[in-house]
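Shown next, in structure tokens, is the structure this report addresses.
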Amino acid sequence: MKKKILALLLVSVMALGATACGAATTNTSGSEASGEEASLEASGESTGEINMLAWAGVDDEAIQKLESMTGYKINYTQFSSLEEMETKIMSNSVQYDVAMCSDYVIEALLEQNMLEEIDTAKIENYQYLGSQYLNPSYDPDNKWSVPYSGGGIGILVNRDVVTTPIKGYADLWNPELAGQVAFTDDERMALCITNLVNGNDFNTTNEEEIKAAGTKLAELLPNIAAFTYNDYKMMLNGEAGVLVIATGSEYKAAKEMANWEFVIPEEGMHMFIDSYVIPKGANVDAAYAFINAIISEEYLTRKGEDTNWGYGYCNTKVEEDAVKAGISEQLMTVAYPKVDSSTTHYMSNIGTASLIYDEVWTELKLSAGDKMGD
């Protein structure tokens, strides 16, 4: 809780500092940057380099492929949470040219005037992006972000183990599912889904409603086998009969089983999109070259393996390639869930209400004990 408050205060102070200076430029104070960031600062703004900020886990092969496709040397800085990503952008210690980002953090960066508007006409491969990934609630005019991969929190059921009818998130509370549910351990995802079950707004900022979500989620504990972010193997090894985690991981479980059902919740499905944004002050020409490459069919299918298909890449040609490769229609509904956009739920920027979610989640963790990781 204290760490969260300090982090918010830090971001606010940095944002005020950037505003006072009149521009979001590279921070020249070496003491403010990590060793990795300091090396990026030293590289300057060479037109031959791209400073990339993305989730941890981008391997050397992927970087090399992007370098060969764009003609730019790529300096890769990683982050492990969206809050860390936001802090790195807001600090101005490095001038990033492209950054991977998602929903509510895009809104937060826009509020601080930290993003460049995107001219999609300069991105040739933009034409292949699926319409279901465009015009999200946090970027309705597609001005600030380019979708890369998408997914959601569906419900995957092993029908050899579980016969209970399941139509939506609310059905997970059925006592017949005792000890069978592997549930997302992402704080916002878990509590926002429970907001829906309580009949409240997915992104409610009402303190009583947030606390009610915590109470309701605590009532699910007898049915919880474990809280997990992406451990699909719990279903394969018999530890769980129901997965309520990201569709990319649910796909990996489904492809290993014969008798399963994928449920798009009747309350409306929580969806997320990993997108690329261009931070203020970036080398936009380099950014366009990078984004055009990373959303391309050539890059996304570079490994030529069916393991690519489950990640919900937003390029429709990749989806077509999966069909040509023989991925079944049933599996495709997991990798590319067909959802009603009018009932799709994205996370939004909730400001200081996030502190209430933190408090409620901390209390739930104490009740959950060893069902929830650290």
**Q.** Residues located in the range 343-365, provided they are under 20 Å from residue 274 (Cα atoms) and not hydrophobic (A, V, I, L, M, F, W, C)
**A.** 343, 344, 345, 346, 348, 349
Q) Looking at residue 269, is it more than 21 Å from residue 160 (Cα to Cα), open to solvent by less than 40 Å² (accessible area, probe 1.4 Å) and not β-branched (Val, Ile, Thr)? A) yes
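For every residue, the table says whether it meets (1) open to solvent by 60 Å² or more (accessible area, probe 1.4 Å); (2) at pLDDT 85 or above.
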| position | (1), (2) |
| --- | --- |
| 13 | yes, no |
| 33 | no, no |
| 39 | yes, no |
| 48 | no, yes |
| 51 | no, yes |
| 55 | yes, yes |
| 61 | yes, yes |
| 64 | yes, yes |
| 87 | no, yes |
Q | Test for residue 229: is it free of Cβ contacts under 8 Å to residues at least 60 places away in the same chain, closer than 28 Å to residue 78 by Cα and open to solvent by 10 Å² or more (accessible area, probe 1.4 Å) | A | yes
(Q) Considering only residues that are free of Cβ contacts under 8 Å to residues at least 40 places away in the same chain and not acidic (Asp, Glu), which ones fall in the range 104-134? (A) 110, 120, 121, 127, 131, 134
Q) Got a number for residues in the range 139-163 being open to solvent by less than 10 Å² (accessible area, probe 1.4 Å) and part of a loop (DSSP other than H, G, I, E, B)? A) 4
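Conditions tested, residue by residue: (1) assigned to a helix (DSSP H, G or I); (2) in contact (Cβ under 8 Å) with a residue 60 or more places away in the chain.
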position	(1), (2)
251	yes, yes
256	no, no
265	no, yes
289	yes, yes
293	yes, yes
299	yes, yes
304	no, no
320	yes, no
Q. Looking at the range 114-138, which of its residues are outside any helix (DSSP H, G or I) and either under 22 Å from residue 297 (Cβ atoms) or at pLDDT below 95 (or both)?
A. 118, 119, 123, 129, 130, 134, 135, 136, 137, 138
Q) Is it true that residue 285 is touching a Phe, Trp or Tyr at 6+ places or on another chain (Cβ under 6 Å) and modelled with pLDDT of 90 or more? A) no
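The values are calculated or read from the model by the stated rules, or taken from the named source; none is laboratory data. On a predicted model such as this, the values are computed, not experimentally measured, just so you know. All Cβ positions, glycine included, derive from the backbone under ideal geometry; neighbour counts span all protein chains shown. Each accessible area value is taken on the protein alone, full model and side chains, heavy atoms only, with ligands, DNA and RNA left out. Shrake-Rupley method; radii C 1.70, N 1.55, O 1.52, S 1.80 Å.
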